[in-house]
1. Once ligands and nucleic acids are excluded and a 1.4 Å probe is used, how much of A:Phe83 is accessible, expressed in Å² to the nearest 10?
2. If you rank B:Leu240, B:Leu62 by how much accessible surface each has, with a 1.4 Å probe, what is the order from largest down?
3. Can you give the mean number of other chain Cβ atoms that lie within 10 Å of the Cβ atoms in peptide B:28-34?
4. Could you work out the relative contact order of region A:38-110? I mean the mean sequence separation of Cα pairs under 8 Å and 6+ apart, divided by the number of residues, in percent.
5. With a 1.4 Å probe and all protein chains in place, put A:Thr72, B:Thr196, B:Thr43 in order of accessible area, largest first.
6. Averaged over A:189-196, how many beta carbons belonging to a partner chain fall within 10 Å of each residue's beta carbon?
7. What number in nm² do you get for region B:11-64 if you take the convex hull of its Cα atoms and divide its surface by four?
8. Multiply the residue gap between A:Thr181 and A:Arg109 by 0.36 nm, knock off their C-alpha separation, and tell me the result in nm, one decimal place.
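The values are calculated or read from the model by the stated rules, or taken from the named source; none is laboratory data. On a predicted model such as this, the values are computed, not experimentally measured, just so you know. Here the Cβ is made from the backbone with ideal geometry for all residues, glycine too, and neighbour counts use every protein chain on show. To get the accessible areas, we keep the full protein, side chains included, count just its heavy atoms, and leave off ligands, DNA and RNA. Shrake-Rupley method; radii C 1.70, N 1.55, O 1.52, S 1.80 Å.
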Amino acid sequence: MVTALPRSRRAAAPARRAPGAASDDGALLVAIALGDEEATRAFVHRHGPQVFGLAMTLCRDRSLAEDVAQRTFERAWRHAASFDGERASARTWLLTITRRLAIDELRRRRPSPVAPDDLTALLAPSTADTEGAGLAGVERARVTAALAELPDEQRRAVVMAALGGLSAREVAEVEGVPLGTAKTRVRLGLRKLRATLSREVDDG
Amino acid sequence: MVDEGRAPTSPEACAAVRESLELLALDALDAAEEAAVRAHLTTCAGCRAELERLTDVVAELLAEAPALVAPADLADRVVAATLAGGPQAGAAGSEPAAGVRARGGVRRWVVGAVAAAALVAGGLVGAVVGRATSGGGEAAGPRAEVTYEVRTGTLVASSGVETGSVVLTAGERPTLVMRLDHVAAGVAYGCAVRTTDGEVVEVGSWTPADTTDTTWAVPVDDAVVHATEVLLTGPGGLTLASAALT
Ligand SMILES: [Zn+2]
């Protein structure tokens with residue numbers, strides 16, 4: 001029989017498992033670290049669309065993106081025990097892995113830089129109905145708003161580097177500006193983004 | 001850009017490197033520029049910390065990419081490459097196998113323990129040590145060692161039928177994992193534990209989205225870690241099954 005307990009005696013656990021709730025990702029990762037297959041499947045199911053979406057955005061090649069997505073989860077599995085939920089959400093952590101793997105592949109293959117037209121697609125809203133869409137949407141709106149505050153040329157430079165996987169040299173090439181100018185746009189854009197995002201955190 | 005004529009961690013060297021950290025956080029530097037900045041970072045904790053903060057901003061930006069329907073077999077492929085096939089079965093370009101083999105053995109042992117718990121009343125006691133490098137594949141960081149003490153139990157309904165299993169880990173990030181053989185979608189299941197002094201502590205509740213949603217993992221606090229029994233409750237607080245932890 002479950003007795004009613006004062007709040008302080010309750011376990012420090014989320015009250016329920018809302019679909020897509022990030023709060024139990026850490027627990028899921030502990031289960032994954034322990035070799036739990038169902039936990040692994042649940043984790044892939046929850047984060048697969050965002051991971052695959054980023055992989056496609058960066059790689060623009062379906063089979064390469066599928067490979068990058070799979071390797072992202074393999075790496076997450078290997079590092080599950082060292083995931084630090086205090087520092088980043090599991091989703092952010094996964095996406096960082098995805099980007100690392102995709103950029104390593106892209107740099108190896110040396111593709112031609114993305115045309116500026118592709119930027120529209122890069123920032124297009126999600127159409128996939130993902131399990132974590134609600135939560136991802138909230139975080140995303142915050143970043144989208146911060147991006148919108150940047151001057152156009154800085155926003156384009158930051159997005160091309162972050163989501164297009166372009167180097168400063170490639171940004172310069174695509175935008176038809178000197179390398180130093182491209183570097184300055186990336187630098188100032190990311191600085192401003194950081195200031196905006198941390199200001200929001202401070203405001204609560 | 002780093003002027004090699006300056007002392008590695010002089011204020012001038014830091015100021016020069018700081019001009020490149022945003023670009024490094026975005027992997028936007030050429031190889032030679034990146035090597036020069038990284039050389040400074042090996043000797044300068046201040047600039048490393050600054051890079052880490054910028055990297056966090058970039059990580060947040062990644063959520064801007066659109067979510068897409070993932071390949072239907074993605075989970076199968078991940079499971080095949082990790083749990084089923086072990087590290088050697090991974091896709092080309094996987095991690096070096098060195099630190100992984102030892103860990104894979106540990107994982108298999110734990111999976112075996114969970115399976116055994118479903119068959120043998122009483123479960124198993126053990127300590128599991130997992131080793132992993134920290135971070136998500138960024139530059140090699142310090143090695144982290146995580147220890148799990150694992151206790152397991154079989155969930156048995158009042159009718160005597162086995163309905164699932166539980167795993168309770170102690171140590172870093174204590175966690176309770178509950179697995180039911182069958183679940184009803186949309187029903188709120190509750191979980192509570194009996195502590196060593198006989199008190200019942202509520203852990204939380206869980207509503208499966210569908211009938212395949214049979215596993216629930218939840219972080220727990222110290223009051224729960226030394227529990228002797230795990231209770232599964234249904235709507236209205238009715239106890240459906242219990243598992244003795246050993
Ligand atoms: Zn420095």
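1. 10 Å²
2. Result of the area sort, largest leading: B:Leu240, B:Leu62.
3. 5
4. Working: 47 pairs, mean separation 28.6, N = 73.
Rounded, it is 39 percent for region A:38-110.
5. So, going from the largest accessible area down, we get B:Thr196, B:Thr43, A:Thr72.
6. On the way: counts 2, 10, 4, 0, 6, 8, 1, 1.
What the average comes to for A:189-196 is 4.
7. Values: hull surface 14.3 nm².
Projected area, direction-averaged: 3.6 nm².
8. My answer for the length gained is 23.3 nm.
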